[in-house]
Amino acid sequence: MRRQDRNEAPFRVAYLVLKFIHVLGAIIIMGTGAGIAFFMLMAHRTSDAAFIAATARVVVVADALFTATAIVAQPITGYVLARQIGASLFDLWLFATLALYLIAGAFWLPVVWIQIRLRDIAHEAARTGAPLPERYHRLFRDGEVARLRSRRVGADRKRNRSRPSPKGRPRRRDRPTIRSRGARFP
């Protein structure tokens, strides 16, 4: 190994460790976000105020412990990585990444507030033995805006499938299928 390579080795290791932490942070943000959304939805579907309160209590802690930590670490590790590769903070790709990160954060902060309010409302309903009030359901719907929009996009796609395909080719659902033990595979 050349002398220059030996001198650069610690910097390469530091870069790889930092990159690992940066990617791990992104995974934590996506994973906890998806997991939290799933558990909140499953708890909501029970309509049991005590169960919802207990689930929301854990969700709020998980958001504070994992998601918030990763959200703080992401721009720090990203900045250090950008400096290590010699990128300018005014490079278009880096500027666009930061803008998208801030937009995502603008959507995340209200969701945290909604989760805390849902927890408190469900806890109060469970404590008094009352059903979940309308404001709980309204807040839950507000927190599910993105999910509802994705449903609408899915419905638009489904509606577009019923139109004839271009150039007279059969659409995927019109193509022959393979049948195996009663299952249908496109």
List every residue pair whose Cβ atoms sit under 6 Å apart, with the two residues 6 or more apart in sequence or on different chains, where the first one lies in the stretch 87-112 and is in contact (Cβ under 8 Å) with a residue 60 or more places away in the chain and farther than 30 Å from residue 142 by Cα and the second, anywhere, is in a helix (DSSP H, G or I) and among the basic types (Lys, Arg).
-> none
Given (1) out of contact with any His (no Cβ under 8 Å at 6 or more places or on another chain); (2) within 19 Å of residue 21 (Cβ to Cβ); (3) crowded, with 16+ Cβ neighbours inside 10 Å, number of the condition residue 78 does not satisfy = (1)
Give 115, 74, 84 a once-over and let me know the one that is closer than 22 Å to residue 141 by Cα, among the polar types (S, T, N, Q) and in a helix (DSSP H, G or I).
-> 115
Residue under evaluation residue 84, criteria (1) in contact (Cβ under 8 Å) with a residue 12 or more places away in the chain; (2) surrounded by 15 or more Cβ atoms within 10 Å (Cβ to Cβ), criterion not met | (2)
What do you reckon, is residue 56 small (Gly, Ala, Ser), in contact with a Ser or Thr (Cβ under 9 Å, 6 or more places away or on another chain) and in a helix (DSSP H, G or I)?
-> no
Subset of the stretch 87-127 (residues that are polar (S, T, N, Q) and either modelled with pLDDT of 90 or more or surrounded by 13 or more Cβ atoms within 10 Å (Cβ to Cβ) (or both)) | 97, 115
When you look at residue 64, is it surrounded by fewer than 15 Cβ atoms within 10 Å (Cβ to Cβ) and either modelled with pLDDT under 95 or closer than 23 Å to residue 18 by Cα (or both), yes or no?
-> yes
Quickly run through the stretch 122-134 and pick out the residues that are more than 24 Å from the chain's Cα centre (by Cα) and in a helix (DSSP H, G or I).
-> 123, 124, 125, 126, 127, 128, 134
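The values are calculated or read from the model by the stated rules, or taken from the named source; none is laboratory data. All of these numbers come straight from a predicted model, not from anything done at the bench. All Cβ positions, even for glycine, are placed from backbone atoms using ideal geometry, and neighbour counts span all protein chains on display.
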